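The values are calculated or read from the model by the stated rules, or taken from the named source; none is laboratory data. Just so it is clear, the structure is predicted and the values come from calculations on it, not from any experiment. For neighbour counting, all protein chains shown are included, and Cβ atoms are generated from backbone atoms with ideal geometry for every residue, glycine included. Surface areas here come from the heavy atoms of the whole protein model, side chains and all, with no ligands, DNA or RNA. Shrake-Rupley method; radii C 1.70, N 1.55, O 1.52, S 1.80 Å.
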Amino acid sequence: MRWDELRDADEHSRASTPALFATSAVTTRTFDTPEFRGMTFHEVRARSLVNRVPGASRMPFEWTVNPYRGCSHACVYCFARRTHSYLDLDTGAGFDTQIVVKVNAPELLRKELSSPRWRGQHIAMGTNVDCYQRAEGRYRLMPGILTALRDYANPFSLLTKGTLILRDLDLLRSAAAITDVGVSVSVGFTDEELWRTVEPGTPAPQRRLDVVRTLTAHGIPCGVLMAPVIPFLGDSPAQLRATVRAIAAAGATSVTPLALHLRPGAREWYFRWLHQHHPRLVRHYEALYAAGAYAPKWYQRRITRQVHELAAEYGVGPSTSAQARRIDPPAPATPTGAAEPDDDRSGNRRSESGGPENDGPESGGPGDAEPSRAELDDAPENHCTQLTLL
């Protein structure tokens with residue numbers, strides 16, 4: 001296990017190599033309650049929390065905070081699965097049930113925000129795993145994190161599938177009064193049968209749309225990341241229309257579609273699920289994702305065009321990328337002896353595991369030619385129109 005970056009400083013000075021999780025900085029817990037049965041929580045004291053996005057990423061943000069690793073939402077397609085391998089944890093069922101909890105996240109964030117080296121850049125949350133997954137109900141890390149961001153007037157954004165965000169509604173409103181706060185909810189489809197098999201640990205799509213409705217009603221504009229749009233299962237014209245119509249009815253300020261992408265770690269797990277639930281689609285996925293992790297550009301463009309046309313029809317504004325404004329808070333007193341955030345030699349923050357943590361959902365991918373008519377006609381019977389270019 002690669003836990004060296006998670007140990008306290010005095011642990012590094014010890015000559016002996018500890019056994020699995022046998023450090024004072026890592027505590028393993030299980031809870032015999034229905035919502036946590038079968039899950040294991042590894043409580044760690046992280047050495048840094050604000051992480052720089054890798055330079056090769058195409059994300060529109062540079063810094064992220066992720067208080068958890070692993071996610072009980074258990075989405076079979078989750079791109080973050082491979083991050084569990086950086087800690088030598090299983091990227092399949094282990095990602096769903098072995099949750100790493102950075103129990104010192106709120107106080108560590110406050111220390112890092114107070115550093116004279118921090119310039120108040122925008123911080124994105126929920127880009128790796130969901131901050132409002134089931135574990136947050138017990139560990140309650142987000143109230144302290146939001147309070148620190150508010151107290152330092154630091155702009156931030158949140159992406160979630162969790163309804164637990166409404167618990168922190170008052171904190172979000174108080175933060176939004178003094179700095180830029182962006183909230184998005186992820187709803188890729190409204191098909192309940194698909195939801196139960198592909199996102200088994202998440203709240204139902206309609207409950208997530210209720211979150212959008214509640215946030216906007218309380219003065220916090222909320223967009224929807226329509227992700228992922230799942231080929232052959234959630235991308236028919238009727239399904240796209242139903243989803244965009246529901247998003248509009250919830251009062252979302254924007255809708256941003258994102259086609260399914262299957263990176264290493266997620267790809268293997270998704271194809272295993274596909275073999276079990278939709279074996280007839282396996283060869284179609286192998287063809288569609290033959291060039292790599294991303295669906296072909298022609299497919300991405302088609303989905304984007306259809307969703308944007310539907311959004312215009314239903315009166316949902318386009319997604320925009322605004323610059324986060326900086327409001328300088330009163331100069332806080334730097335705690336005596338406070339350590340500076342860990343930097344590597346290139347000046348980038350290191351993730352606690354020693355591996356890249358922030359490679360959030362991206363669009364784009366290899367370009368290719370549009371499919372031939374023969375290839376389109378060979379699509380599954382009930383979904384052949386899904387690949388017809390409009």
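Which number in (1) surrounded by fewer than 20 Cβ atoms within 10 Å (Cβ to Cβ); (2) without any contact (Cβ under 8 Å) to a residue 60 or more places away in the chain marks the one condition that Ser115 misses?
It fails just one condition, (2).
Against the definition (touching a strand residue (DSSP E or B) at 6+ places or on another chain (Cβ under 8 Å) and either within 30 Å of Gly120 (Cβ to Cβ) or surrounded by fewer than 22 Cβ atoms within 10 Å (Cβ to Cβ) (or both)), how does Pro67 come out, yes or no?
When the stated conditions are applied, Pro67 passes them.
Consider Tyr77 against the criteria (1) in a loop (DSSP other than H, G, I, E, B); (2) open to solvent by less than 10 Å² (accessible area, probe 1.4 Å); (3) within 25 Å of Arg196 (Cα to Cα): it satisfies all of them except one. Which criterion is unmet?
So the condition that Tyr77 fails would be (2).
Among the residues of region 19-38, is there at least one that is modelled with pLDDT under 75, in a loop (DSSP other than H, G, I, E, B) and open to solvent by less than 50 Å² (accessible area, probe 1.4 Å)?
The answer is yes, given that some residue of region 19-38 is modelled with pLDDT under 75, in a loop (DSSP other than H, G, I, E, B) and open to solvent by less than 50 Å² (accessible area, probe 1.4 Å).
Does region 255-274 include one or more residues that are closer than 19 Å to Thr163 by Cα, touching a residue at least 24 places away in the same chain (Cβ under 8 Å) and either in contact with a Leu (Cβ under 9 Å, 6 or more places away or on another chain) or open to solvent by 10 Å² or more (accessible area, probe 1.4 Å) (or both)?
Looking through region 255-274, at least one residue is closer than 19 Å to Thr163 by Cα, touching a residue at least 24 places away in the same chain (Cβ under 8 Å) and either in contact with a Leu (Cβ under 9 Å, 6 or more places away or on another chain) or open to solvent by 10 Å² or more (accessible area, probe 1.4 Å) (or both).
Residues that are part of a loop (DSSP other than H, G, I, E, B), on the phi > 0 side of the Ramachandran plot and not acidic (Asp, Glu): does region 135-147 have at least one?
yes
For Thr91, work out the one condition from (1) within 23 Å of Val183 (Cβ to Cβ); (2) open to solvent by 10 Å² or more (accessible area, probe 1.4 Å); (3) in contact with a helix residue (DSSP H, G or I) (Cβ under 9 Å, 6 or more places away or on another chain) it doesn't fulfil.
(1)
Going by the structure shown, is Ile145 β-branched (Val, Ile, Thr), touching a residue at least 12 places away in the same chain (Cβ under 8 Å), surrounded by fewer than 20 Cβ atoms within 10 Å (Cβ to Cβ) and out of contact with any Phe, Trp or Tyr (no Cβ under 8 Å at 6 or more places or on another chain)?
no
Go through region 159-241 and tell me which helices (runs of 4 or more DSSP H), entirely inside it, have 1 or more residues that are touching a strand residue (DSSP E or B) at 6+ places or on another chain (Cβ under 6 Å), more than 18 Å from Leu149 (Cα to Cα) and open to solvent by 30 Å² or more (accessible area, probe 1.4 Å).
Output list reads 205-217.
Take the residues in region 242-290 that are among the small types (Gly, Ala, Ser) and in a helix (DSSP H, G or I), then tell me which one is farthest from the chain's Cα centre (by Cα).
Taking the candidates together, the pick is Ala287.
Taking Arg140 and the conditions (1) in contact (Cβ under 8 Å) with a residue 24 or more places away in the chain; (2) surrounded by fewer than 22 Cβ atoms within 10 Å (Cβ to Cβ), which numbered condition does it fall short on, given that it satisfies the others?
Among (1) in contact (Cβ under 8 Å) with a residue 24 or more places away in the chain; (2) surrounded by fewer than 22 Cβ atoms within 10 Å (Cβ to Cβ), the lone unmet condition for Arg140 is (1).
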